[in-house]
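Q: Sharing a structure below in structure tokens format, with a few things to ask.
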Amino acid sequence: MSSDKLSKEKLYFERLTEIHIKSLPEFRCTEKELEKFLVEDAWINQQQGISVTYLWFLKDAKQLVGYVTLLTDSINLNADLKNFFREKDIHYKSLPALKIGRMAVSESMMRKGIGSMLIRFSIAIALKVYSEFAGCRFVILEAKRGNNLNDPIHFYKAMGFNILTEREKGTIPMYLDVWIKGTGGSI
């Protein structure tokens, strides 16, 4: 690990609560849409049972450095995945998934490993759901196309995600099979 990466011991997370609302407008990232979601929609969605947002802070400064918003969803299997699962005697058109609805790292903390921690946290949540509460086979997301300097698709591929469907425009649906990544129950 390079010296500019943060260790997880220097961070802590909290589930978004009403106490956090006043400080959310201070969060700055490279995507204004993600800032707007955090300030305007995250708490409302959570109160309505749509999603849950987890805030990540630097321990020493108590500075918000990132967030991830999670919700339940399903993955509609493409032809390759349908064949893969048919070989395992699983005959469904879709399978349960945990979706990363939104994820952002503060501009000042980019390239310090926080995004990777948010992904690993999301995978751990999916495995916890599976091991204790309900079926959950995948972590899914919709990746935005980026430029060469800031390419989320490359980042997600490096984290083990695969492209579900190539698209000319809009976002790219991606998936990670947590059974393969996490060997069916442990990360």
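The values are calculated or read from the model by the stated rules, or taken from the named source; none is laboratory data. None of these values were measured; they are calculated from a predicted model. Glycine also receives a Cβ, built like all others from the backbone with ideal geometry; neighbour counts cover every protein chain displayed. These accessible areas exclude ligands, DNA and RNA; they are computed on the full protein's heavy atoms, side chains included. Shrake-Rupley method; radii C 1.70, N 1.55, O 1.52, S 1.80 Å.
Q: Could you give each residue of the range 152-157 its phi-based ³J(HN,Hα) in whole Hz, using Karplus coefficients 6.51, -1.76, 1.60 with θ = phi - 60°, and x for Gly or Pro?
A: x, 4, 4, 4, 5, 4
Q: While we're here: Measuring from the lowest to the highest alpha carbon on each principal axis, how far does the chain reach, largest first, in angstroms?
A: Computed over the chain, the largest-to-smallest principal extents equal 51, 37, 33 Å.
Q: Ignoring ligands, DNA and RNA, what percent of the 1.4 Å accessible area of the chain is carbon and sulfur?
A: Values: 5650 of 11020 Å².
The computed percentage sits at 51.
Q: Restricting to DSSP H runs of at least four residues, report the calculated mean residue ellipticity at 222 nm for the chain, -39500 (n - 2.57) per run over all residues, nearest 500 deg cm²/dmol. Numbers along the way, then the final one.
A: Values: 6 runs with 54 residues, N = 187.
Counting only the DSSP helices, I get -8000 deg cm²/dmol.
Q: Dimensions of the range 1-87 along principal axes (Cα, Å, largest first)?
A: If we take the Cα atoms of the range 1-87, the spans are 51, 39, 22 Å.
Q: Related question: Go through the range 92-180 and name the GluC sites (Glu not before Pro) that are in a DSSP coil and have 11 or fewer other Cβ atoms within 10 Å of their Cβ. Mind dumping the intermediate values first?
A: Working: sites: Glu107, Glu132, Glu142, Glu166, Glu168; in loops: Glu166, Glu168.
Here the GluC sites (Glu not before Pro) that fit, given the DSSP loop and packing criteria, are Glu166, Glu168.
Q: Enumerate by residue number the trypsin sites (Lys or Arg not before Pro) in the range 90-142 meeting two conditions: DSSP loop (anything except H, G, I, E, B), and at most 16 other Cβ atoms within 10 Å of the site's Cβ. Please report the intermediate quantities before stating the final value.
A: On the way: sites: Lys93, Lys99, Arg102, Arg111, Lys112, Arg120, Lys128, Arg137; in loops: Lys93, Arg111, Lys112, Arg137.
For trypsin sites (Lys or Arg not before Pro) across the range 90-142 that sit outside H, G, I, E and B with at most 16 neighbouring Cβ atoms in 10 Å, the list reads Lys93, Arg111.
Q: Also, I was wondering about something else. First check a/c for the range 56-164, with a ≥ b ≥ c the square roots of the eigenvalues of its C-alpha gyration tensor; if it is under 1.5, answer rounded, and if not, answer prolate when a/b is larger than b/c or oblate otherwise. Each step should come with its number before you reach the end.
A: Details: a/c = 3.00, a/b = 1.66, b/c = 1.80.
Oblate.
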